[in-house]
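The values are calculated or read from the model by the stated rules, or taken from the named source; none is laboratory data. Here the structure is a predicted model, which is why all the values come from computation and not from measurement. As a convention, Cβ positions derive from the backbone with ideal geometry for all residues, glycine included, and neighbour counts pool all protein chains shown. Protein only, heavy atoms only, side chains kept; ligands, DNA and RNA dropped before computing areas. Shrake-Rupley method; radii C 1.70, N 1.55, O 1.52, S 1.80 Å.
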Amino acid sequence: MDAATAQKLIALAISIDKTIGAILDEVENISDDQERTCYKRAIEDIMGYIARDLIFPIVDQHPQLDPDKSRLPRSA
């Protein structure tokens with residue numbers, strides 16, 4: 001995969017982090033423990049697929065696109 005396509009895919013994958021976080025926040029409002037657990041598992045599976053099957057393989061090919069390494073460290 002060329003670097004430009006890889007960069008776009010990483011950016012798109014990262015852009016859905018906030019949406020997934022919002023979904024998880026809403027799932028926490030489900031009062032039934034069993035139902036809440038089921039939905040949380042589904043969202044966690046989605047997060048895993050994105051990381052394992054999209055981000056990690058791209059970063060293997062293009063280490064410079066690693067989103068964890070491109071973020072600036074926090075000041076103490």
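Structure above, values below:
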{"item": "Which numbered condition M1 misses (of (1) part of a helix (DSSP H, G or I); (2) in contact (Cβ under 8 Å) with a residue 40 or more places away in the chain; (3) of a type outside the set (V, I, T); (4) open to solvent by 60 Å² or more (accessible area, probe 1.4 Å))", "result": "(1)"}
{"item": "Of all residues in region 11-45 being among the polar types (S, T, N, Q) and loosely packed, with under 12 Cβ neighbours inside 10 Å, the one that is nearest to Q64 (Cα to Cα)", "result": "S15"}
{"item": "Selection within region 1-22 - at pLDDT 95 or above and charged (D, E, K, R)", "result": "D2, K8"}
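Let's see how each residue does on (1) more than 19 Å from Q7 (Cβ to Cβ); (2) modelled with pLDDT of 95 or more; (3) not aromatic (F, W, Y):
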site: L24; (1), (2), (3): yes, yes, yes
site: A42; (1), (2), (3): yes, yes, yes
site: L54; (1), (2), (3): no, yes, yes
site: Q61; (1), (2), (3): no, yes, yes
site: D68; (1), (2), (3): no, no, yes
